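Let me begin by presenting the structure, written as C-alpha cells, before commenting on it.
Only the coordinates and a few stated rules stand behind these numbers; no lab work does. Bear in mind the structure is a predicted one, so any value in this text is a computation, not a measurement. Ideal geometry is used to build each Cβ from the backbone, glycine not excepted, and the neighbour counts take in all protein chains shown.
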Amino acid sequence: MIDVVPMAGLCNRMRVIDSAIALSERLGWPVRVHWMPNTDLNCRFRDLFLRIEGVRIVEGMRRPSRLAFRFGKYHDLMEKVGRLLRTTYYYWDENERLEHDARHPEVLRQRRHAHIISYWQFLERADPFRGFVPLPHLQERIERIVNGFGASTIGVHIRRTDNAWSTETSPTHLFHQAMQREIDADANAMFFLATDSEEVKREMIQTYPDRVLTTPGPADRLSKVGMENGLVDLYCLSRSRKLLGSYKSSYSRTAAMLGRIEELTVRRTSASPIERP
C-alpha cells in the first residue's frame, strides 16, 4: 500500500497524488490518499473532482497518518518504527530521498508499505494528471469560458497573496511588458487572466479592456466557492495557446503540464532558485 498525505495548495496536492499514482504503476501497489482541508485548501477532494479510478480518497487523516504527520520530522525514530512495521516513511523535508527511492523502486519493495507526506512532485508520469476530472458543473463552467477563446488567446497567471517570492520576482509591471510584446507580435492577441489578487484583476481589465478575459469572484483558499473558482481558472489556463506564468508557482507549472503548453515564466533576471512548500 502507498499512503500519501498531500500538503499545501491545490496544485501541490495534485502533483503529489499524480506522483503517487506513477509510483503505484511501478510497484503494482494500491494508493490511498489522505485529503486534509486546512488553511491552504479548505474544501474536500470530492468538492472539486470526480473519483480517480484505482485511487481511494480518505477525507481527513486516519490515526497512523496523524502519528506520521506529528512525528515524521524525527527521521531516525521513524526509520526504527518503519523497520518494525515494514513501512518506509517520508516526511515533507525529505524530497531528495523520496525522489531517489521513487526512481529506484527496489528500495521500496524491501518493505510492504510506503507512507508519504509531501508537497513535492517526486515522480512524473508520461501522461500527467490523467484521471483528474473536474465535477460536471465545474467542467461546464470551464467549457463556457474556453468557448470564448480564439487561436491567439494566451494564459496569464499572476500569483500574489500567499507567495512573496512570486510577488517580488514576477512583479506586475513585467507582466504588462510581456503582454505588450505579445500584442506587438500579434494584433489579435487576447489574454485569459488568472490571479489571486482582485487589485491586479481590476488593473489588467482597465489597461486592456478589450483583450482580457477572466472569471468573476476571488480565488479564495478558505472557501469551497473560492477553490472552485481556482480550479476553473487552472483548467482554463491549460486550454490557452501558451502561458505567461509566475516564478516558482506550482499553479503555473501545473496549468502548463495539464495542457501540454509552453510556459514562459515572467521574472526578474536576478532571481535566485529558491524552493518552498
In debye, nearest 20, what is the charge dipole magnitude of the chain about its Cα centre with +1 on Lys and Arg Cβ and -1 on Asp and Glu Cβ, if you could check? 1040
Net charge dipole size for region 137-277 [Lys, Arg +1 and Asp, Glu -1 on Cβ; Debye, nearest 20]: 260
For region 38-54, what does the Karplus curve 6.51 cos²θ - 1.76 cosθ + 1.60, with θ = phi - 60°, yield as ³J(HN,Hα) per residue in whole Hz, taken in order and with x for Gly and Pro? 7, 5, 7, 6, 9, 7, 8, 4, 6, 7, 10, 10, 6, 4, 8, 4, x
Two-site FRET efficiency, residue 133 against residue 110, from Cβ-Cβ distance with R₀ of 30 Å, rounded to 0.05: 0.30
Does region 131-277 classify as rounded, prolate or oblate by the C-alpha gyration tensor (a ≥ b ≥ c root eigenvalues; a/c under 1.5 gives rounded; else a/b over b/c gives prolate, otherwise oblate)? rounded
Once residue 66 and residue 269 are pulled to full extension, the length gained, defined as 0.36 nm per residue separation minus their Cα-Cα distance, is 68.9 nm
Over 29 Å (Cα to Cα) among 201/248; 73/248; 201/242; 224/248; 80/248 -> 80/248
List, in order, the whole-Hz ³J(HN,Hα) value for each residue of region 30-36 obtained from phi through the Karplus relation with A = 6.51, B = -1.76, C = 1.60 and θ = phi - 60°; use x for Gly and Pro. x, 10, 10, 9, 9, 9, 10
Per the charge dipole of the chain (beta-carbon charges, Lys/Arg positive, Asp/Glu negative, Cα centre), the residue among 95, 176, 10 reaching farthest to the positive end is 95
Let me check against my output: what whole-number percent is the relative contact order of region 136-266, with C-alpha pairs under 8 Å and at least 6 apart? 31
In nm, give the distance between the simple-model label positions of residue 58 and residue 86, each being 7 Å from the Cα along the Cα-to-Cβ direction. 1.9
If you fit an axis through the alpha-carbon atoms of helix 224-238 and take the longest principal axis of the Cα set of the chain, what angle between them do you get, 0 to 90°, nearest 10? 70
Explain nothing, just the number: relative contact order of the chain, from Cα pairs under 8 Å at least 6 residues apart, as a whole percent. 21
Charge-dipole axis of the chain as Lys and Arg at +1 and Asp and Glu at -1 on Cβ define it, positive-most pick from 247, 58, 227: 58
Relative to the Cα centre, what is the charge dipole magnitude of region 2-118, using +1 at the beta carbon of each Lys and Arg, -1 at the beta carbon of each Asp and Glu, and rounding to the nearest 20 debye? 520
